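The values are calculated or read from the model by the stated rules, or taken from the named source; none is laboratory data. Model, not experiment: these values are computed from the prediction. Here the Cβ positions follow ideal geometry from the backbone for every residue, glycine too, while neighbour counts run over all protein chains shown.
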Amino acid sequence: MPEKVGVAVVGVGFVGGAAHVPSFKKIEGSNLIALCARTETRVKPLAEKYEVKYVLDYDKLLDDPKLDAVVLSVPTPLHFDSAMKALRKGKHVLCEMPIAPRIEQVRELQRVADKAGVILMPVLNFRFAPIYLKIKEMIKAGAIGKPIAIHFREFIPTKGLAEQWPVGSWAWDIEKSGGYPDFTLSVWSLDMFRWMFESEIRDVEWMVNYPPIAMYGGIFGYNTMGVIKFANGIVGSLHYGASATPSAAISRLEVYGDNTNVLHAINVDKILLYGDQEKPQEFTVEVKGTKVWGHRQLDEHFIDCILNKKKPQVTAEDGIKAQEIAQKIVEHIK
């Protein structure tokens, strides 16, 4: 068993450069050997900052004998081919979601990974986010009795969405990406719900509205609303929106219990418990950096699974189940 896992982060944009690179540089058992990107002006400064080499040719990177695993933080249209090349070379793969635009492609990748005896793991990091771990812990401790209903809102600032994925980018090409950004971004919370309530989402109905926002080049400021029901009876309403000003951006999960108490998880650091008191109890989740949304913790788990031959807590099948639910959004796009 190797003492350290040779890791390369492929794609150094928003998530790859800001979350995965600093995480794998610090994680015990990880040896960050390289960064890989097509654009030298983007990857070179980051490689110099973290004192690792950079590679512009992905195929050349895969031939490095020191390489054991790749972290794919490239655009969704590149996931399938990039993952397939790595798996066929016997490399472990940690891949951003969705693993591939189409579910049959994900299943094909998993078959190749199984045959090669390597890990294919999706970046479903919400399961590892401290705020959601705390909410699940409080539910398990009986804070709200038995959960019976949820409401979730995730409002992305239109400005930020336009900067990351402007009109004409791959994110707005359904054939390349699998769906619009509401599809792409919903998978993390959908998986988190399955994990938190330990039950599958059996029924879902989506309603969508894609108004073009002229002041940001005409990108769709989507408002996508869903009604869901879990196998264990919990019902829920979901609202994914991208027509909000930055000051209105929010992530908020509300969980209602059969003892009439209610839990609210607000953004990444605030929990409210509504009980018999006049005012809710407030809890602060103190976490910073790459641990805020669980990236560091998930990356640590990936390394641990490789070194100790463990089955990952989150698998490609989990990614498929979340994507199946999100895929129903795409059916409403005309």
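So which of Asp269, Asp299 ends up being crowded, with 19+ Cβ neighbours inside 10 Å and either touching a helix residue (DSSP H, G or I) at 6+ places or on another chain (Cβ under 9 Å) or among the acidic types (Asp, Glu) (or both)? It would help to see each step written out before you state the result.
Working: Asp269 fails: crowded, with 19+ Cβ neighbours inside 10 Å.
Sole residue among the options that is crowded, with 19+ Cβ neighbours inside 10 Å and either touching a helix residue (DSSP H, G or I) at 6+ places or on another chain (Cβ under 9 Å) or among the acidic types (Asp, Glu) (or both): Asp299.
Based on this model, can you work out whether Arg194 counts as surrounded by 15 or more Cβ atoms within 10 Å (Cβ to Cβ) and of a type in the set (Lys, Arg)?
Details: surrounded by 15 or more Cβ atoms within 10 Å (Cβ to Cβ): yes; of a type in the set (Lys, Arg): yes.
Yes, satisfied.
Do we have any residue at all in region 314-323 that's touching a Gly at 6+ places or on another chain (Cβ under 9 Å) and within 30 Å of Gly16 (Cβ to Cβ)? Let's see the steps before the verdict.
Of all residues in region 314-323, those touching a Gly at 6+ places or on another chain (Cβ under 9 Å) come to 323.
Of the ones still in play, those that are also within 30 Å of Gly16 (Cβ to Cβ) are 323.
Yes, region 314-323 contains a residue that is touching a Gly at 6+ places or on another chain (Cβ under 9 Å) and within 30 Å of Gly16 (Cβ to Cβ).
How many residues, within region 302-323, are within 15 Å of the chain's Cα centre (by Cα) and not aromatic (Phe, Trp, Tyr)? Quick ask: steps written out before the conclusion?
Applying the first criterion (within 15 Å of the chain's Cα centre (by Cα)) to region 302-323 yields 302, 313-323.
Now narrow it down to the ones that are not aromatic (Phe, Trp, Tyr): 313-323.
Going through region 302-323 one residue at a time, the tally reaches 11.
Evaluate region 111-126: report whether one residue or more is among the aromatic types (Phe, Trp, Tyr), part of a helix (DSSP H, G or I) and within 23 Å of Trp293 (Cβ to Cβ).
Initial filter on region 111-126 (among the aromatic types (Phe, Trp, Tyr)): 126.
Okay, now just the ones that are also part of a helix (DSSP H, G or I), so 126.
Next, from what is left, pick out any that are within 23 Å of Trp293 (Cβ to Cβ): 126.
Scanning region 111-126 turns up at least one residue that is among the aromatic types (Phe, Trp, Tyr), part of a helix (DSSP H, G or I) and within 23 Å of Trp293 (Cβ to Cβ).
Can you give me the ranges of the helices (runs of 4 or more DSSP H) entirely in region 138-200 with at least 2 residues that are in contact with a strand residue (DSSP E or B) (Cβ under 9 Å, 6 or more places away or on another chain)?
Details: elements: 158-164, 174-177, 181-197.
Filter on region 138-200 gives 158-164, 181-197.
Mind checking whether some residue in region 319-326 is surrounded by 18 or more Cβ atoms within 10 Å (Cβ to Cβ), in a helix (DSSP H, G or I) and modelled with pLDDT under 95?
no
Report every pair of residues separated by at least 6 positions or lying on different chains whose Cβ atoms are under 6 Å apart, first residue within region 91-117 and charged (D, E, K, R), second in a loop (DSSP other than H, G, I, E, B).
Glu96/Ser73; Glu96/Val123
When you scan region 35-47, do you find a residue that is within 22 Å of Ile303 (Cα to Cα), surrounded by fewer than 17 Cβ atoms within 10 Å (Cβ to Cβ) and in contact (Cβ under 8 Å) with a residue 24 or more places away in the chain, even just one?
No.
Only one of Gly294, Gly289 is touching a Pro at 6+ places or on another chain (Cβ under 9 Å) and buried (at least 18 other Cβ atoms within 10 Å of the Cβ); which? Walk me through it before giving the result.
Working: Gly289 fails: buried (at least 18 other Cβ atoms within 10 Å of the Cβ).
Of Gly294, Gly289, the one residue that is touching a Pro at 6+ places or on another chain (Cβ under 9 Å) and buried (at least 18 other Cβ atoms within 10 Å of the Cβ) is Gly294.
What number of residues within region 10-49 are assigned to a helix (DSSP H, G or I), more than 15 Å from Gly289 (Cβ to Cβ) and touching a strand residue (DSSP E or B) at 6+ places or on another chain (Cβ under 9 Å)?
So the answer is 7.
Given the structure, is Pro246 touching a Pro at 6+ places or on another chain (Cβ under 6 Å), over 24 Å from Arg111 (Cβ atoms) and surrounded by fewer than 17 Cβ atoms within 10 Å (Cβ to Cβ)? Before the answer, list the steps.
On the way: touching a Pro at 6+ places or on another chain (Cβ under 6 Å): yes; over 24 Å from Arg111 (Cβ atoms): yes; surrounded by fewer than 17 Cβ atoms within 10 Å (Cβ to Cβ): yes.
When the stated conditions are applied, Pro246 passes them.
For Val55, state whether it is touching a Gly at 6+ places or on another chain (Cβ under 9 Å), surrounded by fewer than 24 Cβ atoms within 10 Å (Cβ to Cβ) and touching a residue at least 12 places away in the same chain (Cβ under 8 Å).
Working: touching a Gly at 6+ places or on another chain (Cβ under 9 Å): no; surrounded by fewer than 24 Cβ atoms within 10 Å (Cβ to Cβ): yes; touching a residue at least 12 places away in the same chain (Cβ under 8 Å): yes.
Judged against the criteria, Val55 is not a match.
Within region 175-192, is there a residue that is more than 24 Å from Asn125 (Cα to Cα) and either under 18 Å from the mean Cα position of the chain (by Cα) or assigned by TED's automatic domain parsing to the domain that holds Ile148 (or both)? Step through it out loud before you land on a result.
In the first step, residues of region 175-192 are kept if they are more than 24 Å from Asn125 (Cα to Cα); the result is 175.
With either under 18 Å from the mean Cα position of the chain (by Cα) or assigned by TED's automatic domain parsing to the domain that holds Ile148 (or both) added as a condition, the list becomes 175.
Looking through region 175-192, at least one residue is more than 24 Å from Asn125 (Cα to Cα) and either under 18 Å from the mean Cα position of the chain (by Cα) or assigned by TED's automatic domain parsing to the domain that holds Ile148 (or both).
Is it the case that some residue within region 297-311 is assigned to a loop (DSSP other than H, G, I, E, B) and either of a type in the set (S, T, N, Q) or in the same structural domain as Gln110 (by TED's automatic domain parsing) (or both)? Let's see the steps before the verdict.
In the first step, residues of region 297-311 are kept if they are assigned to a loop (DSSP other than H, G, I, E, B); the result is 309-311.
Restricting the remaining residues to those that are either of a type in the set (S, T, N, Q) or in the same structural domain as Gln110 (by TED's automatic domain parsing) (or both) gives none.
No.
Take residues that are farther than 23 Å from Lys146 by Cα, touching a Phe, Trp or Tyr at 6+ places or on another chain (Cβ under 8 Å) and assigned by TED's automatic domain parsing to the domain that holds Met138 and tell me which of the strands (runs of 3 or more DSSP E) falling wholly in region 214-279 contain 3 or more. Give the derivation first.
Working: elements: 223-230, 235-244, 250-257, 262-266, 270-274.
Ranges flagged: 223-230, 235-244.
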